[in-house]
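See structure below.
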Amino acid sequence: MLRPHALQPHPPRSFFRRDPVWVARKLLGHRLVSGVGGTRTAGIIVETEAYLGIADKAAHTYGGRRSRRNRTMWGAAGHAYVYFVYGMHHCINVVAGETGDPVAVLIRALEPDAGIDTMFERRRRARRATDLCSGPAKLCQALGIDLRLDGEDLTSSDLLCVESSSRRPPPTTIVATPRVGIAYAEEWQNEPLRFFVAGNLHVSHGRG
């Protein structure tokens, strides 16, 4: 179970300006908050994946690729990298590392804790709270996240931000497994770069 802590302000940019594996683990227990539509929706981050940039065959910036789509990854840490996939879904990443080192952390699942009625309105196919944010596309739909929020500053924005740890999982409850849905990444598909809180019912149904 996640332990309650007093609410904290947004983490500073220096929190995100680190190795993406460190950021992916430390984001667990932080809160992702959306103000889209004038309604606060939020959830505790319970699952992440680290993407290691130029060397990582699963990363959008593998081999130094630059495009209009991935340009946010090349910028400053602490910004949202939102992209559209399969012609229907949005996913949100947190840019990590130093500017010019295009690494990021995908937020894969949240435990909803604010604006749950609004989340159900946005995700009409969901039948229970554990279906609302148990996957990267689901959580974006529930929080109203789309391409308009690409590049948003997660350390200060009123539309989309990360709040500092209010419920931190004990290190012994953090599980590391291979990332989900990256069979194309050859040897990188088996790297243990997916992190989640053991036993949390809101984690996605991925490998491991």
Is it the case that the stretch 112-131 has a residue that's touching a His at 6+ places or on another chain (Cβ under 8 Å), crowded, with 18+ Cβ neighbours inside 10 Å and farther than 18 Å from residue 199 by Cα?
no
Hits in the stretch 67-87 - residues which are outside any loop (DSSP other than H, G, I, E, B) and over 11 Å from the mean Cα position of the chain (by Cα)
71, 72, 73, 74, 79, 83, 84, 85
State the number of residues belonging to the stretch 154-176 that are acidic (Asp, Glu) and surrounded by 16 or more Cβ atoms within 10 Å (Cβ to Cβ).
1
If the Cβ limit is 7 Å and pairs must be 6+ apart or interchain, which residue in the stretch 120-139 that is farther than 14 Å from residue 42 by Cβ and among the basic types (Lys, Arg) pairs with which residue that is assigned to a loop (DSSP other than H, G, I, E, B) and at pLDDT 95 or above?
123/132; 138/123; 138/132
So if I check each of 90, 60, which one is surrounded by fewer than 24 Cβ atoms within 10 Å (Cβ to Cβ) and not in a strand (DSSP E or B)?
60
Which of the residues belonging to the stretch 119-139 are of a type outside the set (D, E, K, R), assigned to a helix (DSSP H, G or I) and within 16 Å of residue 90 (Cβ to Cβ)?
119, 136, 137, 139
Can you find a residue in the stretch 27-49 that is exposed (fewer than 14 other Cβ atoms within 10 Å of the Cβ), of a type in the set (Val, Ile, Thr), over 20 Å from residue 174 (Cβ atoms) and modelled with pLDDT of 95 or more?
no
Could you please tell me which pairs satisfy a Cβ distance under 9 Å, a separation of 6+ or placement on different chains, a first residue in the stretch 46-62 that is farther than 17 Å from residue 137 by Cβ, and a second residue that is of a type in the set (Lys, Arg) and surrounded by fewer than 22 Cβ atoms within 10 Å (Cβ to Cβ)?
50/25; 54/65; 59/65
Within the stretch 177-208, which residues are in contact (Cβ under 8 Å) with a residue 40 or more places away in the chain, hydroxyl-bearing (Ser, Thr, Tyr) and surrounded by fewer than 18 Cβ atoms within 10 Å (Cβ to Cβ)?
184
Which residue pairs have Cβ atoms under 8 Å apart, sit 6 or more places apart or on different chains, and have a first residue in the stretch 147-176 that is outside any strand (DSSP E or B) and a second that is of a type in the set (D, E, K, R) and buried (at least 18 other Cβ atoms within 10 Å of the Cβ)?
159/152; 166/31
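The values are calculated or read from the model by the stated rules, or taken from the named source; none is laboratory data. Not measured: the values here are computed from a predicted model. Here the Cβ is made from the backbone with ideal geometry for all residues, glycine too, and neighbour counts use every protein chain on show.
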